[in-house]
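The values are calculated or read from the model by the stated rules, or taken from the named source; none is laboratory data. Only a predicted model underlies this, so the values are computations on that prediction, with no experimental measurement involved. We place every Cβ from the backbone using ideal geometry, glycine too, and count neighbours over all the protein chains shown. Just the protein is used for accessible areas: all its heavy atoms, side chains included, with ligands, DNA and RNA removed. Shrake-Rupley method; radii C 1.70, N 1.55, O 1.52, S 1.80 Å.
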Amino acid sequence: AQTVTQSQPEMSVQEAETVTLSCTYDTSESDYYLFWYKQPPSRQMILVIRQEAYKQQNATENRFSVNFQKAAKSFSLKISDSQLGDAAMYFCAYNVIYGGATNKLIFGTGTLLAVQP
Amino acid sequence: DGGITQSPKYLFRKEGQNVTLSCEQNLNHDAMYWYRQDPGQGLRLIYYSQIVNDFQKGDIAEGYSVSREKKESFPLTVTSAQKNPTAFYLCASSIWGVETQYFGPGTRLLVL
């Protein structure tokens, strides 16, 4: 079965510090995509960063970067210089080809990140 | 501004009633999706549509129905057959063949 596991239900970080959120996944596919989405209190899902499995280089978006370890099936998110606005639920997601066609996202259960001033 | 809109923000359903959640996008995306989110869980796929007049069941389609008469619109009906409808419902869309999905603001459905 294709699953995504986020083992940290809650995390806390001091403002301006760095925090890493963990994610592991299970798949037999060789080509796929991985995502981190942020869900603030408004509950809108916002794309933070994405990684293509065939690329060895880790994706980076400003203060957000990933550590993608394909062999270990690990995809962690690092947030540098944490800001109060980073406080949210973070979901790791994996993309599969569903029904031979469209892309289905498999989500983890989320990590709730608190940022302390 | 391009984006995805969902309405209403909150919806109340009485016992035995069907209710419809609206999802509209002006991103010119081909594919649209409906997800359900329960507390302590990630999102689960209800239905998806790749093109107009075509849609497919996701993992938890029982008790739900959809239509796709226009590219911009993908309404979800929660029928009386759905015995536990209380949840947060998210609509998403994507360009066909491109893996990234973009989400609307969601609808919270509560049962009276």
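Within the straight-line cut-off of under 19 Å between alpha carbons, the lysines reachable from A:Lys73 are A:Lys55, A:Lys104, sequence neighbours fewer than 8 places apart in one chain being disregarded.
Specify the residue with the greatest mean-square fluctuation among A:Tyr33, A:Tyr54, A:Tyr94, computed from a Gaussian network of chain A linking alpha-carbon atoms under 10 Å apart. Maximum fluctuation in the GNM of chain A, among the listed residues, is at A:Tyr54. For chain B, relative contact order (Cα pairs under 8 Å, six or more residues apart, normalised by length) works out to 35 percent. For segment B:72-112, backbone nitrogen atoms closer than 15 Å to the point 7 Å from B:Glu15 Cα along Cα-to-C-beta are found at B:80-85, B:111-112. Here's the picture: a label point sits 7 Å out from the Cα of A:Gln44 along the beta-carbon direction, and within segment A:57-93 nothing has its amide nitrogen under 11 Å of it. Comparing B:Thr86, B:Thr77, B:Thr100 in a Gaussian network model of chain B (Cα springs below 10 Å), the most mobile by mean-square fluctuation is B:Thr100.
For chain B, the number of Lys pairs separated by eight or more positions or lying on different chains, with C-alpha atoms closer than 24 Å, is 7.
GNM remark for chain A: springs join alpha carbons under 10 Å apart, and the peak mean-square fluctuation among A:Ser74, A:Ser12, A:Ser22 falls on A:Ser12. Since only B:Val19, B:Trp34, B:Ile51 are under comparison, the one whose Cα sits farthest along the positive direction of the charge dipole of segment B:1-97, derived from C-beta charges on Lys, Arg, Asp and Glu, is B:Val19. Of the accessible area of the protein assembly as shown, computed with a 1.4 Å probe over protein heavy atoms only, carbon and sulfur atoms account for 48 percent. The ellipsoid equivalent to the alpha-carbon distribution of chain B has semi-axes of 22, 14, 13 angstrom, derived from the gyration tensor eigenvalues as √(5λ) and listed largest first.
Expressed as a whole percent, the proportion of Cα-Cα pairs in chain A lying more than 26 Å apart is 16%.
Applying the criteria of a DSSP loop state and at most 13 other Cβ atoms within 10 Å to the GluC sites (Glu not before Pro) of segment A:22-117 yields A:Glu29. For segment B:91-110, accessible area lost to neighbouring protein chains reaches 20 Å² or more, against the chain alone with a 1.4 Å probe, at B:Trp96, B:Glu99, B:Thr100, B:Gln101, B:Phe103, B:Pro105.
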